[in-house]
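Only one structure is covered here, and it is reproduced in the block below.
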Amino acid sequence: MKKVSVLVLIVIAAFGIITLGAGVINYAMLSGVTTLNIWSMLGPNATAWNFYPGLVKYGSLYGQSDKTYQVVPNLADGFWTPLKKVTENGKTLYVTTVKLLKGVKWSDGTPFTADDVVFSYEVPFKLSLPGNWKATLDPSIFDKIVKVNDYTVKIYIKKPSGKFVYGILMSTIVQKKYWEPIYEKALKAKDPAKYMMSYGPVLNEPSIGAFTLPKWQKGAFLATNAVSDYTFKGQQEIEYANGAIRYVIPSLNKDDTYYGKAEGKIDNTFVTGPYVDSIIYKIYQNQSAAVSALLKGTIGFILNPNGMQKGFVAQLKTNSNIKIVSNPSLGFRYIAFNMRRYPMSDRAFRVAIAYLVDRNLLCNKILQGVAIPLSTVVPPGNKFWYDSKVKPYGAGMTTAERYGAAIKVLKDAGYTWLVEPKIKNGHLVQRGMGLIAPNGKMIKQITMMAPSAGYDPMRATAALWIEKWANDIGIPIVADLTSFNNIVNAVWSENFNFDIYMLGWGITIYPDYIRDFFYSKNAGPGGFNTPGYDNPAFDKIADEFIDQTDMNKAREYAFKAEEILNKDVPYVVLFTTPMLEAYRTDKISFAYTKALDGIQSGYSGYGETSLVKAVQYSK
């Protein structure tokens, strides 16, 4: 349940009055839904297409604020208590107490209580449900949950971890009253987990969100209905420039502020809906058909986890009622150095390459704006976790200045050339040839594997320019444009058989991937630490980061880790790709359109369902 909404607006237009109010809006999807069963949806059938309409009904103890992605209470009343170390039956555990909001109701009028919370945690854990359930209620961390009273629970974990916050405390909550009879039947079945995940079609399941989902015509459409007495309707989320977030819930007489004082400049204010009577999710066979429907006005917005294909943008721009929105994807493209091999093992060599890579030139001129420059493993859009103090090598330099900085780094480390590169009057006047290592040995050809133009023209182009920049100062890098599978096989199946490679990662708001990608114990076969980065100081900070359950303290360690990685350069982060989306301004109005990973993402409520408004024209 996202804490979002919009303000009521009435705008006078040349053709009459545009009113933002109740009504029916239509979203397009490019694939059908396979299940509305939450146990399956967060298990083996975890697809964006199932999530878009299917997750509108559920809540969690904690979630994330809309624009800053900070951890905030949802169904919990305030934050959890500090973890307390206890011993039970000779086993060391850590326990926290979570208070629940009083007065919250499901769409059928049933009060939300601790029974719903305990049931929602115990079912997937006891049945060992796969997929997101196992990741969220990680058995290496989660131990049990206990009801204290109707509005208090205790959660026991095996060890402190950030995954306690970004997993366990954010686990999905269902209504016990609806699911308990089904669960009891499942326990008598031969395969209880399979029984729970195959139950369906799960229409008219009570919702604790802004909508119920009563209609599903397979392959054609799904339709939600707004919950008229939604508990959180009218809730204000006020985000301050100082980082504070205030939540005012009129129906519960609540007014709470987190992360500082509610004072100073206000960046965003959202008031929760729902503001439409229904959202209809129409299924189209391909993006071309959905774009045609958008042009005709049949739909107001296209949901697609991959965004809009750039080829459709020019066509859509011909319609003045269609707005194109571009946001950075939650991920990055990068090159990784195999630090098990020389000279990639030499920090000076890696720093020299980092100096050479001009992301702004690459993205804005060479790739003509189809990529967004990115230099850190945590993108700026992830505001809470992004360290603005981290400055990449070469920031603000011209090409010649980058060449000069890279040459100096190599010379200071003892490298020489048969023909030394020379810079004069801001220009490279002599290309380097024959790079010689400090030990006097000639540096042989270094192969940089990158996806071919047929698979990803942006990365293929980037690889060729990195090759050029390196060759200009005598570094013998050769771009090997090959298939995606060849790169993956060389890196993982062939136990890190590469010099340098270029690929990309999809990432999460909580940056635990920092530890996964660079922790020394993950450098073995099959591990995510593909560079073979081994820095005890980094490992220590990464451990401290992952063990924190206080996210402010975790951020301090994350910043330290980001600064070490920026200095040591196991990766050179290159860019991210834009998430292109299109919607009709004469059909719908969103509260905000600038959002990490786009309007369609889960971080924006899968299309801002609790805040989107219908636009109605009247003369």
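The values are calculated or read from the model by the stated rules, or taken from the named source; none is laboratory data. On a predicted model such as this, the values are computed, not experimentally measured, just so you know. In this analysis, Cβ positions are derived from the backbone assuming ideal geometry, glycine residues included, and neighbour counts consider all displayed protein chains. Ligands, DNA and RNA are excluded from the accessible area calculation, which covers all protein heavy atoms including side chains. Shrake-Rupley method; radii C 1.70, N 1.55, O 1.52, S 1.80 Å.
Within the range 174-182, is even one residue closer than 28 Å to ILE509 by Cα, in the same structural domain as ASN74 (by TED's automatic domain parsing) and surrounded by fewer than 16 Cβ atoms within 10 Å (Cβ to Cβ)? Among the residues of the range 174-182, not one is closer than 28 Å to ILE509 by Cα, in the same structural domain as ASN74 (by TED's automatic domain parsing) and surrounded by fewer than 16 Cβ atoms within 10 Å (Cβ to Cβ), which makes the answer no.
For the range 209-232, the tally of residues that are within 16 Å of MET41 (Cβ to Cβ) and in a loop (DSSP other than H, G, I, E, B) stands at 2. Any chance the range 506-515 includes a residue that's at pLDDT below 95, under 23 Å from LEU362 (Cβ atoms) and in the same structural domain as PRO343 (by TED's automatic domain parsing)? Yes, the range 506-515 contains at least one residue that is at pLDDT below 95, under 23 Å from LEU362 (Cβ atoms) and in the same structural domain as PRO343 (by TED's automatic domain parsing).
Among the numbered conditions (1) surrounded by fewer than 18 Cβ atoms within 10 Å (Cβ to Cβ); (2) without any contact (Cβ under 8 Å) to a residue 24 or more places away in the chain, the only one that GLY404 does not meet is (1).
In the range 104-136, the qualifying residues are those that are in contact (Cβ under 8 Å) with a residue 60 or more places away in the chain and touching a strand residue (DSSP E or B) at 6+ places or on another chain (Cβ under 8 Å), and the one that is most open to solvent (accessible area, probe 1.4 Å) is LYS105. Within the range 177-210, track down each residue that is under 30 Å from VAL612 (Cβ atoms) and of a type in the set (Lys, Arg). Hit for the range 177-210 is LYS177, nothing else. For GLU237, the requirement of being charged (D, E, K, R), open to solvent by less than 30 Å² (accessible area, probe 1.4 Å), touching a residue at least 12 places away in the same chain (Cβ under 8 Å) and closer than 19 Å to PHE51 by Cβ is not met. Going through (1) assigned by TED's automatic domain parsing to the domain that holds LYS296; (2) open to solvent by less than 60 Å² (accessible area, probe 1.4 Å) one by one, GLN315 falls short only on (2). Restricted to the range 187-216, and to residues there that are modelled with pLDDT under 95 and open to solvent by 50 Å² or more (accessible area, probe 1.4 Å), the residue that is nearest to ILE266 (Cα to Cα) is ASN204. None of GLU205, GLU239 is among the charged types (D, E, K, R) and not in a strand (DSSP E or B) except GLU205. Checked against the criterion of being closer than 16 Å to ASN471 by Cβ and in a loop (DSSP other than H, G, I, E, B), the range 400-412 contains not a single residue that satisfies it. Among the basic types (Lys, Arg), farther than 27 Å from THR212 by Cβ and either modelled with pLDDT of 95 or more or touching a Gly at 6+ places or on another chain (Cβ under 6 Å) (or both): which single residue out of LYS85, LYS67, LYS105, LYS57 fits that description? That would be LYS85, the only listed residue that is among the basic types (Lys, Arg), farther than 27 Å from THR212 by Cβ and either modelled with pLDDT of 95 or more or touching a Gly at 6+ places or on another chain (Cβ under 6 Å) (or both).
Taken together, the criteria place ALA290 among residues that are small (Gly, Ala, Ser), buried (at least 23 other Cβ atoms within 10 Å of the Cβ) and outside any loop (DSSP other than H, G, I, E, B). Checking the structure you have, find out if any residue of the range 401-411 is aromatic (Phe, Trp, Tyr) and at pLDDT below 95. Within the range 401-411 (the criterion being aromatic (Phe, Trp, Tyr) and at pLDDT below 95), the answer is no, since none of the residues qualifies. For the range 328-352, the candidate set comprises residues that are farther than 19 Å from TRP505 by Cβ and part of a helix (DSSP H, G or I); within that set, the residue that is most open to solvent (accessible area, probe 1.4 Å) is ARG347.
All conditions in (1) open to solvent by less than 30 Å² (accessible area, probe 1.4 Å); (2) part of a loop (DSSP other than H, G, I, E, B); (3) not assigned by TED's automatic domain parsing to the domain that holds ILE443 hold for ASN306, with the sole exception of (1). Applying the set (1) at pLDDT below 95; (2) open to solvent by 40 Å² or more (accessible area, probe 1.4 Å) to GLY243 leaves exactly one unmet item: (2). Scan the range 256-277 for residues that are closer than 9 Å to ARG246 by Cβ and either in contact (Cβ under 8 Å) with a residue 60 or more places away in the chain or assigned to a loop (DSSP other than H, G, I, E, B) (or both) and jot them down. Scanning the range 256-277 gives ASP256, TYR258, ALA262. TRP179 meets the conditions (1) in contact (Cβ under 8 Å) with a residue 24 or more places away in the chain; (2) within 24 Å of the chain's Cα centre (by Cα) in every case but one. The failed one is (2).
Among the residues of the range 421-446, the one identified as open to solvent by 40 Å² or more (accessible area, probe 1.4 Å), within 21 Å of PRO531 (Cα to Cα) and touching a strand residue (DSSP E or B) at 6+ places or on another chain (Cβ under 7 Å) is GLN445.
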